[in-house]
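A short worksheet on the structure shown next.
What follows is calculated from the coordinates using simple rules that are stated; it is not laboratory data. Predicted, not measured: the structure shown is a model, and the values here were computed from it. Cβ coordinates were reconstructed from backbone atoms using ideal geometry, including for glycine residues, and neighbour counts include every protein chain displayed.
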Amino acid sequence: MTDTIIVLTEDTLSSSDVDKLIALHADETYAYRVLVPADTDRPLVSTIIDNLSLGELREAWDRARGKEPSQPEAKATADEQLARSIAAFEAAGRTVTGAVVDDDPLPALKSAVADGDVIEIAVVTYPHAVEDTFHRDWASRAREELQVPVLHLYSGTSELG
């Protein structure tokens, strides 16, 4: 079995995100497994707050009107994000697999950790004002429930969540 780092992301990983993840373990060669949730059911208020804090007025308005992606739309988006993220790891010369998971990624993380070869989980998201503040974000929930180190990075930056 190869030691694996699970990378849970809500969007396509950029090459700089991948470089930062690889640099965390520059002296080791690990396999990576990317998980991308097909997100169709985000909490209303916290999503609108996140959209507004990031200057995403159109997205906030759409969410306030109840517009959410259908299951096929969410799956297609997640498939595309996964394929691009895998390509970024492959371009960096790393062994990588991946999967699209349900809205709530915690069951998929639990299953992956139960397989026994996961040494770390890296969660890569955009800042989420409400979830991050009240520790209800994916990384905080994973830290509470799983017995492996969990690192939270903000996409496109070198900031830790």
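Taking amide H positions as placed 1.01 Å from N in the peptide plane, with prolines and chain starts having none, which residues 5 or more places from D3, or on another chain, fall under 5 Å of its amide H?
A31
From the backbone phi of region 104-109, what are the Karplus-calculated ³J(HN,Hα) couplings (6.51 cos²θ - 1.76 cosθ + 1.60, θ = phi - 60°) in whole Hz, Gly and Pro given as x?
Those phi angles translate into 8, x, 4, x, 5, 5 Hz.
Return the distance in nm (one decimal) between the two label points of a simple spin-label model at A26 and T2, each offset 7 Å from Cα along Cα→Cβ.
2.2 nm
Each label point is 7 Å from the Cα along the Cα-to-Cβ direction; what then is the distance between the points at E144 and S14, in nm?
The modelled label-to-label distance comes out at 3.1 nm.
Please compute the net charge surrounding T4, taking Lys and Arg as +1 and Asp and Glu as -1 over other residues with Cβ under 10 Å from its Cβ.
Working: positive: R33; negative: D3, D115, D117, E120.
Around T4, the surrounding residues sum to -3.
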